[in-house]
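Working notes, structure below.
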Amino acid sequence: MKIPVLPTAIVAAAVAVMIGLGVWQLQRAEWKEGLLVRYGQAAGLPPVAWPNVPPKDDPPYYRRATGFCLEVVSWRAVAGRNLNDQPGWSHIAACRTGAEGPGMQVDVGWSRSSDPPQWRGGALDGVIAPDSKYGMRLIAATPAPGLVASAPPSPESVPNNHLAYAIQWFIFAAIAAIIYGLALRWRHKETPGR
């Protein structure tokens, strides 16, 4: 049976790439597990002051922190949940802190309305959470007047589905190899004179 060189090379390369992606996802699963352990331990650490410049490589997610909002510069409302897991709006204040740097994003509480609260600033304490727009924000432990406390962030809500992705890539590689093997077998049977 003559095996076609170019199609075989393409399929072999594709299978190798898929296996490589599976191995990479296994490495990511291990990395993510370590990260989740560190996040889980952060809640037991003493509070830190809100960083003037948020670290890019190792943000202190899920750690208790304190800060001071000198002035609310702007508001944004995002979908959020309260302590009773009810859906509504989390109200995030962009605060001027007086320090150099980007200031501080603070989730000051939850309500059913997206209208901004009348809160003007002050001393804060809470938990540092990921923020898709600014990297991180403080979820205030005590809500602003007229609001209910937003649900605090939890490391348990961070998915670690890299093992499932790895299995998926390995299955894709196996399926590609099996299909190509069956195609070669079918081609060999269909070739006249065999």
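Between 135, 121, which is surrounded by fewer than 16 Cβ atoms within 10 Å (Cβ to Cβ), modelled with pLDDT under 95, at positive phi and not charged (D, E, K, R)?
Result of the check over 135, 121: 135.
Is it the case that the range 11-33 has a residue that's surrounded by 15 or more Cβ atoms within 10 Å (Cβ to Cβ), under 22 Å from the mean Cα position of the chain (by Cα), small (Gly, Ala, Ser) and in a helix (DSSP H, G or I)?
Initially, the range 11-33 is screened for residues surrounded by 15 or more Cβ atoms within 10 Å (Cβ to Cβ), giving 11, 14-15, 18-19, 21-22, 25-26, 28-29, 32.
Imposing the further condition that a residue be under 22 Å from the mean Cα position of the chain (by Cα) reduces the set to 21-22, 25-26, 28-29, 32.
Those left that are additionally small (Gly, Ala, Ser): 22, 29.
Next, from what is left, pick out any that are in a helix (DSSP H, G or I): 22, 29.
Yes, the conditions are met somewhere in the range 11-33.
Of the residues that sit in the range 132-166 and are touching a strand residue (DSSP E or B) at 6+ places or on another chain (Cβ under 8 Å) and hydroxyl-bearing (Ser, Thr, Tyr), which one is nearest to residue 103 (Cα to Cα)?
The residue in question is 134.
Looking only at the range 67-90, which residues are loosely packed, with under 14 Cβ neighbours inside 10 Å, more than 15 Å from residue 147 (Cβ to Cβ) and in contact (Cβ under 8 Å) with a residue 24 or more places away in the chain?
Listed by number, the residues that qualify are 71, 73, 85.
Report the residue count in the range 143-173 for those that are open to solvent by less than 50 Å² (accessible area, probe 1.4 Å) and free of Cβ contacts under 8 Å to residues at least 60 places away in the same chain.
Adding up the residues that qualify gives 3.
Report whether or not residue 93 is at pLDDT 95 or above and within 28 Å of residue 146 (Cα to Cα).
So residue 93 fits the description; yes.
The values are calculated or read from the model by the stated rules, or taken from the named source; none is laboratory data. Here the structure is a predicted model, which means the values were calculated and not measured. Note that we place each Cβ from the backbone using ideal geometry, even for glycine, and neighbour counts take in every protein chain shown. The area values use the complete protein model at the heavy-atom level, side chains included, leaving out ligands, DNA and RNA. Shrake-Rupley method; radii C 1.70, N 1.55, O 1.52, S 1.80 Å.
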